[in-house]
Amino acid sequence: MKLSINTSFTENTSSQFLLILVDSENTQHLANAYQINDLNNLIEATQFKAVFNETLSLIGQIPASPNAALVGVGKAAELQAAKLVKIAQTIIKASQKKFKHISLDLSALPAELHYLFALSLTQAAYAFDEFKSKKADNVLEQISLIAAESPLNAAQLKLIEAVQSGQSFARDLGNRPGNICFPEYLAEQALELAAQYPDLLRVNVLDEQQMADLGMHSFLAVSKGSDRPGRIITLEYQAERTEAPVVLVGKGITFDTGGISLKPGAGMDEMKYDMCGAASVLGTLRALCESRLAIHVVGTIAAAENMPSGKATRPGDIVSTMSGQTVEILNTDAEGRLVLCDTLTYVKRFNPELVIDIATLTGACVVALGSVLTGMFTPDDKLAAELSEAGQNSFDRVWRMPVIDDYQEQLDSPFADIANIGGPKAGAVTAACFLQRFTRDYRWAHLDIAGTAWNSGANKGATGRPVPLLMQFLAHRAQSNG
(Lines give C-alpha, C1' and ligand atoms only; values in the text may rest on other atoms or scores of the structure.)
Protein backbone atom coordinates (compact mmCIF):
# COMPACT_ATOMS: atom_id res chain seq x y z
CA MET A 1 0.00 0.00 0.00
CA LYS A 2 1.22 3.50 -0.86
CA LEU A 3 1.13 6.26 1.74
CA SER A 4 1.60 9.99 1.31
CA ILE A 5 1.09 13.01 3.52
CA ASN A 6 -0.02 16.55 2.71
CA THR A 7 -0.86 19.60 4.79
CA SER A 8 -4.31 19.99 3.22
CA PHE A 9 -6.81 18.17 1.03
CA THR A 10 -5.91 18.33 -2.65
CA GLU A 11 -9.00 18.79 -4.81
CA ASN A 12 -7.48 17.38 -7.99
CA THR A 13 -6.43 14.15 -6.31
CA SER A 14 -7.54 10.76 -7.55
CA SER A 15 -8.87 10.02 -4.07
CA GLN A 16 -12.44 8.70 -4.13
CA PHE A 17 -13.32 9.05 -0.45
CA LEU A 18 -12.46 11.61 2.23
CA LEU A 19 -12.56 10.67 5.91
CA ILE A 20 -11.98 13.20 8.67
CA LEU A 21 -11.10 12.25 12.24
CA VAL A 22 -12.94 14.38 14.77
CA ASP A 23 -12.08 15.17 18.39
CA SER A 24 -15.26 15.14 20.47
CA GLU A 25 -14.03 18.27 22.22
CA ASN A 26 -13.35 20.24 19.04
CA THR A 27 -15.66 20.01 16.04
CA GLN A 28 -15.70 23.68 15.03
CA HIS A 29 -12.58 23.63 12.85
CA LEU A 30 -14.34 21.41 10.30
CA ALA A 31 -16.49 24.19 8.84
CA ASN A 32 -13.47 26.36 8.07
CA ALA A 33 -11.24 23.57 6.80
CA TYR A 34 -13.77 21.89 4.49
CA GLN A 35 -16.64 24.38 4.04
CA ILE A 36 -19.16 21.78 5.15
CA ASN A 37 -22.68 22.95 4.35
CA ASP A 38 -24.77 23.70 7.46
CA LEU A 39 -22.38 21.80 9.74
CA ASN A 40 -24.00 22.86 12.99
CA ASN A 41 -27.48 21.97 11.79
CA LEU A 42 -26.21 18.64 10.48
CA ILE A 43 -24.53 17.75 13.76
CA GLU A 44 -27.59 18.77 15.73
CA ALA A 45 -29.96 16.85 13.48
CA THR A 46 -27.90 13.64 13.60
CA GLN A 47 -26.83 13.99 17.24
CA PHE A 48 -23.24 13.33 16.14
CA LYS A 49 -21.05 13.60 19.25
CA ALA A 50 -17.76 12.38 17.75
CA VAL A 51 -17.51 9.71 20.42
CA PHE A 52 -15.09 6.87 19.88
CA ASN A 53 -15.64 5.11 16.52
CA GLU A 54 -18.87 7.01 15.74
CA THR A 55 -19.28 7.81 12.05
CA LEU A 56 -21.34 10.34 10.11
CA SER A 57 -21.76 10.23 6.35
CA LEU A 58 -21.30 13.55 4.53
CA ILE A 59 -22.32 12.56 1.02
CA GLY A 60 -22.73 15.74 -0.97
CA GLN A 61 -21.86 18.00 1.97
CA ILE A 62 -18.25 18.82 1.02
CA PRO A 63 -17.91 20.47 -2.40
CA ALA A 64 -14.35 19.18 -2.93
CA SER A 65 -15.23 15.56 -2.17
CA PRO A 66 -18.72 14.18 -2.87
CA ASN A 67 -17.95 11.01 -0.86
CA ALA A 68 -16.94 11.94 2.68
CA ALA A 69 -17.47 10.95 6.29
CA LEU A 70 -16.59 12.02 9.80
CA VAL A 71 -15.08 9.50 12.23
CA GLY A 72 -15.16 10.27 15.94
CA VAL A 73 -12.12 9.53 18.08
CA GLY A 74 -13.61 10.61 21.40
CA LYS A 75 -11.29 12.76 23.48
CA ALA A 76 -8.15 12.75 21.35
CA ALA A 77 -5.91 13.66 24.29
CA GLU A 78 -6.96 10.45 26.03
CA LEU A 79 -6.70 8.17 22.99
CA GLN A 80 -4.74 4.95 23.47
CA ALA A 81 -3.06 2.68 20.95
CA ALA A 82 -5.63 -0.11 21.21
CA LYS A 83 -8.39 2.31 20.23
CA LEU A 84 -6.31 3.56 17.29
CA VAL A 85 -6.35 0.03 15.92
CA LYS A 86 -10.16 -0.10 16.21
CA ILE A 87 -10.54 3.23 14.39
CA ALA A 88 -8.20 2.06 11.64
CA GLN A 89 -10.28 -1.10 11.21
CA THR A 90 -13.48 0.98 10.96
CA ILE A 91 -11.95 3.19 8.27
CA ILE A 92 -10.65 0.28 6.23
CA LYS A 93 -13.96 -1.57 6.52
CA ALA A 94 -15.76 1.49 5.17
CA SER A 95 -13.28 1.81 2.29
CA GLN A 96 -12.10 -1.67 1.29
CA LYS A 97 -13.74 -3.20 -1.79
CA LYS A 98 -15.27 0.19 -2.58
CA PHE A 99 -12.34 2.52 -3.28
CA LYS A 100 -8.77 2.16 -4.47
CA HIS A 101 -7.62 5.54 -3.13
CA ILE A 102 -8.85 7.39 -0.07
CA SER A 103 -7.82 10.55 1.80
CA LEU A 104 -7.74 10.70 5.57
CA ASP A 105 -7.44 13.83 7.69
CA LEU A 106 -5.73 12.85 10.94
CA SER A 107 -5.19 16.40 12.24
CA ALA A 108 -7.35 15.61 15.28
CA LEU A 109 -4.84 13.04 16.52
CA PRO A 110 -1.93 13.97 18.78
CA ALA A 111 1.20 14.10 16.62
CA GLU A 112 2.92 11.32 18.56
CA LEU A 113 0.20 8.90 17.41
CA HIS A 114 0.51 9.60 13.68
CA TYR A 115 3.13 6.92 12.99
CA LEU A 116 1.30 4.19 14.86
CA PHE A 117 -2.04 5.11 13.28
CA ALA A 118 -0.60 5.01 9.77
CA LEU A 119 0.91 1.59 10.52
CA SER A 120 -2.44 0.39 11.93
CA LEU A 121 -4.20 1.41 8.70
CA THR A 122 -1.85 -0.71 6.59
CA GLN A 123 -2.32 -3.69 8.92
CA ALA A 124 -6.11 -3.40 8.83
CA ALA A 125 -6.08 -3.37 5.02
CA TYR A 126 -4.59 -6.88 4.76
CA ALA A 127 -6.73 -9.53 3.04
CA PHE A 128 -5.96 -13.08 1.91
CA ASP A 129 -7.91 -14.51 -1.02
CA GLU A 130 -5.14 -16.48 -2.73
CA PHE A 131 -7.18 -19.67 -2.88
CA LYS A 132 -10.56 -18.06 -3.55
CA SER A 133 -11.91 -18.57 -7.05
CA LYS A 134 -13.37 -15.04 -6.98
CA LYS A 135 -10.96 -12.26 -6.06
CA ALA A 136 -11.93 -9.00 -4.37
CA ASP A 137 -12.49 -5.94 -6.56
CA ASN A 138 -11.46 -2.36 -5.78
CA VAL A 139 -8.71 -3.34 -3.38
CA LEU A 140 -7.50 -0.30 -1.45
CA GLU A 141 -4.09 0.65 -2.86
CA GLN A 142 -3.35 4.17 -1.63
CA ILE A 143 -4.04 6.35 1.41
CA SER A 144 -3.32 10.09 1.30
CA LEU A 145 -2.88 11.32 4.86
CA ILE A 146 -3.67 14.95 5.72
CA ALA A 147 -2.34 16.94 8.67
CA ALA A 148 -1.45 20.60 9.05
CA GLU A 149 1.47 19.47 11.22
CA SER A 150 2.87 15.96 11.52
CA PRO A 151 6.14 14.25 12.40
CA LEU A 152 5.57 11.87 9.49
CA ASN A 153 8.03 12.34 6.65
CA ALA A 154 9.02 10.46 3.52
CA ALA A 155 11.53 8.26 5.39
CA GLN A 156 8.98 7.24 8.01
CA LEU A 157 6.32 6.51 5.40
CA LYS A 158 8.84 4.36 3.51
CA LEU A 159 9.55 2.44 6.72
CA ILE A 160 5.82 1.92 7.36
CA GLU A 161 5.33 0.65 3.80
CA ALA A 162 8.27 -1.72 4.26
CA VAL A 163 6.91 -3.04 7.57
CA GLN A 164 3.50 -3.53 5.99
CA SER A 165 5.02 -5.41 3.04
CA GLY A 166 7.06 -7.65 5.32
CA GLN A 167 4.18 -8.28 7.70
CA SER A 168 1.82 -9.11 4.83
CA PHE A 169 4.42 -11.50 3.42
CA ALA A 170 4.63 -13.22 6.81
CA ARG A 171 0.84 -13.43 6.98
CA ASP A 172 0.62 -14.89 3.48
CA LEU A 173 3.16 -17.57 4.37
CA GLY A 174 1.34 -18.41 7.58
CA ASN A 175 -2.03 -18.64 5.87
CA ARG A 176 -0.84 -21.02 3.17
CA PRO A 177 -1.67 -24.66 3.91
CA GLY A 178 0.86 -27.37 4.64
CA ASN A 179 0.48 -28.96 1.20
CA ILE A 180 1.72 -25.70 -0.33
CA CYS A 181 4.06 -24.35 2.33
CA PHE A 182 6.58 -26.98 3.46
CA PRO A 183 10.33 -26.79 4.26
CA GLU A 184 11.54 -26.76 0.65
CA TYR A 185 8.94 -24.10 -0.16
CA LEU A 186 10.30 -21.82 2.55
CA ALA A 187 13.77 -22.29 1.08
CA GLU A 188 12.41 -21.36 -2.35
CA GLN A 189 10.83 -18.22 -0.91
CA ALA A 190 14.16 -17.20 0.59
CA LEU A 191 15.97 -17.75 -2.71
CA GLU A 192 13.34 -15.77 -4.59
CA LEU A 193 13.71 -12.90 -2.13
CA ALA A 194 17.49 -12.94 -2.62
CA ALA A 195 16.98 -12.87 -6.39
CA GLN A 196 14.90 -9.69 -5.96
CA TYR A 197 17.59 -8.02 -3.85
CA PRO A 198 20.93 -9.49 -4.98
CA ASP A 199 22.82 -6.44 -3.73
CA LEU A 200 21.44 -6.80 -0.20
CA LEU A 201 20.79 -10.46 0.50
CA ARG A 202 22.55 -13.78 0.21
CA VAL A 203 21.04 -17.16 1.05
CA ASN A 204 22.41 -20.52 2.09
CA VAL A 205 20.33 -23.69 2.52
CA LEU A 206 21.46 -26.77 4.46
CA ASP A 207 19.97 -30.15 3.53
CA GLU A 208 19.59 -33.08 5.89
CA GLN A 209 22.91 -34.70 4.93
CA GLN A 210 24.74 -31.46 5.71
CA MET A 211 22.89 -31.27 9.02
CA ALA A 212 23.89 -34.84 9.84
CA ASP A 213 27.52 -34.02 9.05
CA LEU A 214 27.29 -31.14 11.56
CA GLY A 215 25.83 -33.41 14.26
CA MET A 216 22.31 -31.90 14.25
CA HIS A 217 20.60 -35.11 15.37
CA SER A 218 18.08 -33.27 17.54
CA PHE A 219 16.78 -31.41 14.48
CA LEU A 220 16.77 -34.61 12.41
CA ALA A 221 14.83 -36.44 15.13
CA VAL A 222 11.89 -34.21 14.15
CA SER A 223 12.23 -34.08 10.38
CA LYS A 224 12.90 -37.79 9.82
CA GLY A 225 9.25 -38.66 10.51
CA SER A 226 8.14 -36.80 7.38
CA ASP A 227 8.56 -37.46 3.68
CA ARG A 228 9.31 -33.73 3.41
CA PRO A 229 13.01 -33.22 4.23
CA GLY A 230 14.02 -30.54 6.70
CA ARG A 231 16.04 -27.45 5.82
CA ILE A 232 18.04 -24.81 7.67
CA ILE A 233 17.78 -21.60 5.69
CA THR A 234 20.08 -18.65 6.28
CA LEU A 235 19.54 -15.18 4.83
CA GLU A 236 22.29 -12.62 5.43
CA TYR A 237 21.36 -8.98 4.95
CA GLN A 238 24.12 -6.43 4.21
CA ALA A 239 26.79 -9.10 4.72
CA GLU A 240 29.57 -6.69 3.74
CA ARG A 241 29.03 -4.62 6.88
CA THR A 242 31.74 -5.13 9.47
CA GLU A 243 29.71 -4.97 12.70
CA ALA A 244 28.59 -8.18 14.40
CA PRO A 245 25.11 -9.10 13.15
CA VAL A 246 21.80 -9.27 14.90
CA VAL A 247 20.68 -12.87 14.32
CA LEU A 248 17.00 -13.79 14.09
CA VAL A 249 16.13 -17.48 14.41
CA GLY A 250 12.64 -18.62 13.39
CA LYS A 251 10.87 -21.87 14.21
CA GLY A 252 9.51 -23.23 10.93
CA ILE A 253 7.46 -26.34 11.66
CA THR A 254 5.35 -26.18 8.52
CA PHE A 255 2.84 -28.62 9.95
CA ASP A 256 2.78 -30.07 13.45
CA THR A 257 0.79 -33.24 14.07
CA GLY A 258 2.66 -33.77 17.34
CA GLY A 259 4.43 -36.78 15.86
CA ILE A 260 3.96 -40.02 17.81
CA SER A 261 2.64 -37.86 20.69
CA LEU A 262 -0.27 -37.09 18.39
CA LYS A 263 -2.35 -33.96 18.94
CA PRO A 264 -6.15 -34.11 19.22
CA GLY A 265 -7.88 -33.78 15.87
CA ALA A 266 -9.99 -30.74 16.76
CA GLY A 267 -8.26 -27.60 15.62
CA MET A 268 -5.29 -29.44 14.14
CA ASP A 269 -5.75 -27.51 10.89
CA GLU A 270 -4.31 -24.50 12.73
CA MET A 271 -0.99 -26.31 13.10
CA LYS A 272 -0.07 -24.93 9.69
CA TYR A 273 0.69 -21.80 11.74
CA ASP A 274 3.52 -23.52 13.60
CA MET A 275 5.91 -21.97 11.11
CA CYS A 276 4.93 -18.38 11.92
CA GLY A 277 8.26 -17.75 13.64
CA ALA A 278 9.99 -18.59 10.36
CA ALA A 279 7.44 -16.48 8.48
CA SER A 280 8.21 -13.49 10.71
CA VAL A 281 11.93 -13.85 9.98
CA LEU A 282 11.29 -13.93 6.23
CA GLY A 283 8.90 -11.00 6.57
CA THR A 284 11.46 -8.99 8.55
CA LEU A 285 14.14 -9.67 5.95
CA ARG A 286 11.79 -8.48 3.19
CA ALA A 287 11.05 -5.34 5.17
CA LEU A 288 14.77 -4.73 5.68
CA CYS A 289 15.40 -5.04 1.96
CA GLU A 290 12.61 -2.61 1.11
CA SER A 291 13.62 -0.08 3.76
CA ARG A 292 17.38 -0.58 3.22
CA LEU A 293 18.16 -0.06 6.89
CA ALA A 294 21.88 0.32 7.57
CA ILE A 295 22.36 -2.73 9.77
CA HIS A 296 23.86 -6.21 9.55
CA VAL A 297 21.22 -8.92 10.13
CA VAL A 298 21.20 -12.69 9.72
CA GLY A 299 17.90 -14.55 9.54
CA THR A 300 18.01 -18.30 10.12
CA ILE A 301 15.02 -20.62 9.73
CA ALA A 302 14.68 -24.11 11.20
CA ALA A 303 12.21 -25.68 8.75
CA ALA A 304 10.77 -29.14 9.27
CA GLU A 305 7.48 -31.03 9.27
CA ASN A 306 6.50 -33.04 12.38
CA MET A 307 4.69 -36.20 11.28
CA PRO A 308 3.99 -39.69 12.69
CA SER A 309 5.41 -42.56 10.64
CA GLY A 310 7.49 -45.69 10.89
CA LYS A 311 10.56 -43.44 10.81
CA ALA A 312 9.33 -41.01 13.44
CA THR A 313 11.05 -40.50 16.77
CA ARG A 314 9.51 -42.38 19.72
CA PRO A 315 8.94 -40.96 23.21
CA GLY A 316 11.93 -42.03 25.28
CA ASP A 317 14.45 -41.84 22.41
CA ILE A 318 17.75 -40.13 23.18
CA VAL A 319 19.57 -37.99 20.60
CA SER A 320 22.73 -35.91 20.53
CA THR A 321 22.77 -32.24 19.58
CA MET A 322 25.26 -30.18 17.61
CA SER A 323 26.46 -28.74 20.93
CA GLY A 324 27.36 -32.21 22.21
CA GLN A 325 24.59 -32.30 24.81
CA THR A 326 22.21 -35.25 24.75
CA VAL A 327 18.41 -34.97 24.94
CA GLU A 328 15.82 -37.47 26.10
CA ILE A 329 12.69 -36.86 24.01
CA LEU A 330 9.82 -37.51 26.40
CA ASN A 331 7.21 -35.86 24.17
CA THR A 332 7.54 -35.62 20.40
CA ASP A 333 5.07 -32.71 20.40
CA ALA A 334 7.74 -30.59 22.10
CA GLU A 335 9.54 -30.55 18.77
CA GLY A 336 10.14 -26.82 18.29
CA ARG A 337 12.88 -26.73 20.91
CA LEU A 338 14.51 -29.76 19.25
CA VAL A 339 14.97 -28.02 15.90
CA LEU A 340 15.80 -24.71 17.53
CA CYS A 341 18.54 -25.97 19.85
CA ASP A 342 20.68 -27.18 16.94
CA THR A 343 19.96 -24.01 14.98
CA LEU A 344 20.90 -21.83 17.96
CA THR A 345 24.21 -23.70 18.14
CA TYR A 346 24.73 -23.33 14.38
CA VAL A 347 24.35 -19.52 14.40
CA LYS A 348 27.37 -19.10 16.71
CA ARG A 349 29.48 -19.15 13.54
CA PHE A 350 28.22 -15.65 12.72
CA ASN A 351 29.77 -14.21 15.92
CA PRO A 352 26.48 -12.46 16.68
CA GLU A 353 26.01 -9.22 18.56
CA LEU A 354 22.83 -10.85 19.85
CA VAL A 355 20.35 -13.57 18.91
CA ILE A 356 16.56 -13.42 19.06
CA ASP A 357 14.59 -16.59 18.41
CA ILE A 358 10.92 -16.38 17.48
CA ALA A 359 8.73 -19.43 17.94
CA THR A 360 5.17 -20.63 18.38
CA LEU A 361 6.63 -22.71 21.17
CA THR A 362 4.16 -23.46 23.96
CA GLY A 363 0.46 -23.65 24.71
CA ALA A 364 1.45 -22.65 28.22
CA CYS A 365 2.35 -19.17 26.98
CA VAL A 366 -1.15 -18.86 25.49
CA VAL A 367 -2.63 -19.78 28.87
CA ALA A 368 -0.43 -17.19 30.59
CA LEU A 369 -0.77 -14.24 28.20
CA GLY A 370 -3.58 -15.01 25.77
CA SER A 371 -3.40 -13.41 22.33
CA VAL A 372 -2.52 -9.88 23.45
CA LEU A 373 1.13 -10.03 24.49
CA THR A 374 4.09 -12.06 23.25
CA GLY A 375 6.08 -13.83 25.94
CA MET A 376 9.65 -12.49 26.13
CA PHE A 377 12.38 -14.46 27.89
CA THR A 378 15.93 -13.19 28.34
CA PRO A 379 18.49 -12.96 31.14
CA ASP A 380 19.73 -9.68 29.58
CA ASP A 381 18.06 -6.66 31.20
CA LYS A 382 19.26 -4.20 28.56
CA LEU A 383 18.00 -6.35 25.70
CA ALA A 384 14.70 -6.84 27.50
CA ALA A 385 14.29 -3.06 27.84
CA GLU A 386 15.06 -2.52 24.13
CA LEU A 387 12.54 -5.11 23.03
CA SER A 388 9.88 -3.81 25.42
CA GLU A 389 10.31 -0.27 24.12
CA ALA A 390 10.16 -1.44 20.51
CA GLY A 391 6.99 -3.35 21.31
CA GLN A 392 5.32 -0.31 22.82
CA ASN A 393 6.32 1.94 19.91
CA SER A 394 5.01 -0.53 17.31
CA PHE A 395 2.00 -1.70 19.36
CA ASP A 396 3.40 -5.23 18.99
CA ARG A 397 3.90 -5.66 22.70
CA VAL A 398 5.83 -8.19 24.78
CA TRP A 399 5.75 -9.18 28.43
CA ARG A 400 8.89 -10.30 30.20
CA MET A 401 8.75 -13.78 31.70
CA PRO A 402 11.36 -15.46 33.93
CA VAL A 403 14.21 -17.54 32.56
CA ILE A 404 16.27 -18.37 35.63
CA ASP A 405 18.26 -21.38 36.83
CA ASP A 406 15.70 -22.24 39.51
CA TYR A 407 13.59 -23.90 36.80
CA GLN A 408 16.41 -25.86 35.16
CA GLU A 409 16.11 -28.87 37.47
CA GLN A 410 12.67 -29.60 36.00
CA LEU A 411 14.50 -30.57 32.81
CA ASP A 412 16.78 -33.12 34.50
CA SER A 413 16.80 -36.59 32.94
CA PRO A 414 18.11 -39.81 34.54
CA PHE A 415 19.31 -41.02 31.12
CA ALA A 416 20.52 -37.94 29.20
CA ASP A 417 21.89 -34.48 29.83
CA ILE A 418 18.45 -32.90 29.49
CA ALA A 419 14.82 -33.85 28.89
CA ASN A 420 12.80 -32.00 26.27
CA ILE A 421 9.91 -31.26 28.64
CA GLY A 422 9.85 -30.17 32.27
CA GLY A 423 6.49 -31.43 33.49
CA PRO A 424 3.16 -29.64 33.82
CA LYS A 425 4.37 -26.61 35.77
CA ALA A 426 5.63 -23.41 34.08
CA GLY A 427 5.72 -24.98 30.61
CA ALA A 428 6.61 -21.77 28.76
CA VAL A 429 9.40 -21.06 31.25
CA THR A 430 10.97 -24.52 31.10
CA ALA A 431 10.85 -24.41 27.29
CA ALA A 432 12.82 -21.16 27.40
CA CYS A 433 15.21 -22.71 29.95
CA PHE A 434 15.78 -25.60 27.54
CA LEU A 435 16.79 -23.16 24.80
CA GLN A 436 18.96 -21.17 27.21
CA ARG A 437 21.28 -24.17 27.60
CA PHE A 438 22.29 -23.68 23.96
CA THR A 439 22.72 -19.89 24.06
CA ARG A 440 25.27 -19.34 26.84
CA ASP A 441 27.90 -17.93 24.45
CA TYR A 442 25.99 -14.83 23.28
CA ARG A 443 23.30 -12.32 24.23
CA TRP A 444 19.93 -13.93 23.65
CA ALA A 445 16.19 -13.40 23.84
CA HIS A 446 13.36 -15.80 23.11
CA LEU A 447 9.94 -14.64 21.89
CA ASP A 448 7.12 -17.15 22.39
CA ILE A 449 4.46 -16.09 19.87
CA ALA A 450 2.15 -19.07 20.31
CA GLY A 451 -0.67 -16.75 21.36
CA THR A 452 0.02 -13.83 19.04
CA ALA A 453 1.03 -15.41 15.71
CA TRP A 454 -2.52 -16.10 14.55
CA ASN A 455 -6.17 -15.55 15.37
CA SER A 456 -8.77 -18.28 15.65
CA GLY A 457 -12.52 -18.11 15.17
CA ALA A 458 -14.36 -15.96 12.64
CA ASN A 459 -11.26 -13.86 11.93
CA LYS A 460 -8.93 -16.84 11.63
CA GLY A 461 -5.60 -15.98 10.07
CA ALA A 462 -1.96 -15.21 10.62
CA THR A 463 -1.15 -11.84 12.23
CA GLY A 464 2.42 -11.39 10.95
CA ARG A 465 3.58 -10.59 14.47
CA PRO A 466 6.25 -9.84 15.56
CA VAL A 467 7.46 -8.25 12.30
CA PRO A 468 6.50 -4.71 13.49
CA LEU A 469 8.32 -5.28 16.80
CA LEU A 470 11.46 -6.62 15.13
CA MET A 471 11.57 -3.83 12.56
CA GLN A 472 11.12 -1.17 15.25
CA PHE A 473 13.92 -2.81 17.23
CA LEU A 474 16.24 -2.97 14.20
CA ALA A 475 15.39 0.56 13.00
CA HIS A 476 16.27 1.95 16.43
CA ARG A 477 19.58 0.08 16.46
CA ALA A 478 20.37 1.22 12.90
CA GLN A 479 19.68 4.82 13.91
CA SER A 480 21.82 4.48 17.04
CA ASN A 481 24.69 2.94 15.06
CA GLY A 482 24.44 5.68 12.44
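The values are calculated or read from the model by the stated rules, or taken from the named source; none is laboratory data. As the structure is a prediction and not an experimental result, all values here were calculated from the model. Glycine gets a Cβ as well: all are built from the backbone with ideal geometry, and neighbour counts include every protein chain shown. Protein only, heavy atoms only, side chains kept; ligands, DNA and RNA dropped before computing areas. Shrake-Rupley method; radii C 1.70, N 1.55, O 1.52, S 1.80 Å.
Which entries in K224/K263; K49/K98; K49/K75; K2/K132 show an alpha-carbon gap greater than 20 Å? Among K224/K263; K49/K98; K49/K75; K2/K132, the Cα-Cα distance tops 20 Å for K49/K98; K2/K132. Of the solvent-accessible surface of the chain, computed with a 1.4 Å probe and all protein chains present, 48% belongs to carbon and sulfur. Around E130, with a cut-off of 14 angstrom between Cβ atoms, what is the net charge of the other residues, counting Lys and Arg +1 and Asp and Glu -1? So the surrounding residues net to +4.
Quick one: which residues, 5+ away or cross-chain, put their amide H under 5 Å from the amide H of T463? H built at 1.01 Å from N. Excluding prolines and chain starts, which carry no amide H, the hits are W454, N455. Neighbours of P245, meaning other residues whose beta-carbon lies under 9 angstrom from its beta-carbon, give a summed charge of -2 when Lys and Arg score +1 and Asp and Glu score -1.
On a per residue basis, the convex hull of the C-alpha atoms belonging to the chain measures out at 152 Å³. Surface exposure of the chain, expressed per residue as accessible area with a 1.4 Å probe, stands at 41 Å².
Give me the net charge of I102's neighbourhood, meaning all other residues with Cβ under 14 Å from the Cβ of I102; Lys, Arg count +1, Asp, Glu -1. Local charge sum for I102: +3.
Each part reduced to its alpha carbon centroid, the stretch 394-466 and the stretch 275-298 end up 22 Å apart.
Measuring nothing but alpha carbons in the stretch 388-458 and taking Rh as the Kirkwood radius, the Rg to Rh ratio lands at 1.05.
The calculated pair-distance distribution of the stretch 171-273 uses every alpha carbon pair, bins of 5 angstrom beginning at 0, and gives 2, 11, 18, 20, 20, 14, 9, 4, 2, 0 percent. Each principal axis of the stretch 132-210 carries a Cα extent, and these read 60, 37, 17 Å when sorted largest first.
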